1. Go through (1) crowded, with 18+ Cβ neighbours inside 10 Å; (2) outside the structural domain of residue 39 (by TED's automatic domain parsing); (3) in a helix (DSSP H, G or I) for residue 268 and report which single condition fails.
2. Taking the conditions exactly as written (in contact with a strand residue (DSSP E or B) (Cβ under 7 Å, 6 or more places away or on another chain) and over 18 Å from residue 158 (Cα atoms)), does residue 21 satisfy them or not?
3. Given the criterion over 15 Å from the mean Cα position of the chain (by Cα) and closer than 20 Å to residue 127 by Cβ, identify the matching residue among 83, 68.
4. Restricting to region 100-115, what's the tally of residues that are crowded, with 16+ Cβ neighbours inside 10 Å and over 21 Å from the mean Cα position of the chain (by Cα)?
5. Hey, residue 69 hits all of (1) under 21 Å from residue 242 (Cβ atoms); (2) assigned to a loop (DSSP other than H, G, I, E, B) but one; which does it fall short on?
6. Name the single residue that is surrounded by the most Cβ atoms within 10 Å (Cβ to Cβ) among those in region 42-56 being touching a helix residue (DSSP H, G or I) at 6+ places or on another chain (Cβ under 9 Å) and farther than 17 Å from residue 219 by Cα.
7. Can you tell me how many residues within region 12-44 are farther than 21 Å from residue 179 by Cα and in a loop (DSSP other than H, G, I, E, B)?
8. Look through 316, 328, 322 and report the one residue that is closer than 23 Å to residue 9 by Cα, in contact with a strand residue (DSSP E or B) (Cβ under 8 Å, 6 or more places away or on another chain) and not assigned by TED's automatic domain parsing to the domain that holds residue 133.
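The values are calculated or read from the model by the stated rules, or taken from the named source; none is laboratory data. None of the values given here were measured: they were computed from a predicted structure. In this analysis, Cβ positions are derived from the backbone assuming ideal geometry, glycine residues included, and neighbour counts consider all displayed protein chains.
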């Protein structure tokens with residue numbers, strides 16, 4: 001259990017054993033189309049351009065900015081953790097004039113502050129589930145009131161963990177990662193782009209590899225496939241399988257499983273001296289942040305949990321390093337038996353005074 005890759009679903013590991021096809025083989029193209037259809041179901045969208053970027057979530061972030069920013073564009077970005085800050089860095093490198101709307105780490109950002117930050121930005125961007133803090137930011141109000149701005153959302157830790165309603169929330173551009181609640185190893189970044197956003201696609205983005213003008217012709221399901229890059233076949237097998245697990249279980253059931261595990265952790269951890277750190281009412285069920293009890297050594301305690309129980313706990317980042325733990329409970333790992341094991345291990349840990 002940790003904020004990074006969770007244990008993959010068993011079906012995913014089986015998928016890696018499939019014989020590797022050529023990336024233009026008709027059988028693989030059919031699997032790619034089916035994978036994109038499954039992504040639309042999990043994203044809750046009808047967006048035609050919905051597919052996995054052949055790189056990790058950070059590439060999804062860069063794709064989302066470089067394809068829709070021209071030098072001098074005004075971009076508003078919410079920052080209440082590591083990944084909001086990273087958004088600012090990527091947008092700035094793409095030439096945007098960035099307006100940062102900052103909030104204390106561990107606190108959610110009031111959507112109205114983002115809407116009031118600039119009269120007519122090209123893009124409003126926000127992290128839905130901040131991996132560095134365990135806090136959820138609200139998206140629906142932004143989508144309902146964004147005007148002509150494009151709404152860009154980081155869903156790396158939220159997709160298949162908490163509700164993500166791309167069409168209902170009027171989100172224009174969103175990206176995620178495979179290694180969190182989808183229960184697939186890291187290596188791909190699911191992306192979805194609205195028709196409205198595609199009308200604003202930059203003609204020549206700064207990145208060749210992430211240029212949606214070229215990639216869209218490779219991933220489109222209209223029968224015409226223009227070679228762009230060699231797709232990571234085995235990773236796409238894995239994503240296809242992971243999405244299949246989620247949809248077979250039922251998206252609502254998958255979300256409910258994550259919520260139940262989070263609820264149990266949120267209820268029991270304070271009893272063991274681990275105070276919940278993220279803002280009440282906006283705590284993520286799939287990633288719980290707690291203050292480290294006084295007298296408990298951060299590094300030694302996490303190493304003890306890893307060595308004795310095989311439980312990996314993420315340490316705090318940035319200003320809360322050494323003060324906060326991040327407990328991920330995602331994908332296949334989001335099972336009550338794992339929660340029970342963790343709670344027992346933490347009780348033993350605190351009693352031993354590590």
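1. Against the list (1) crowded, with 18+ Cβ neighbours inside 10 Å; (2) outside the structural domain of residue 39 (by TED's automatic domain parsing); (3) in a helix (DSSP H, G or I), residue 268 comes up short only on (1).
2. no
3. Residue meeting the stated conditions: 68.
4. 1
5. (1) is the only condition that residue 69 fails.
6. The residue in question is 42.
7. 7
8. 328
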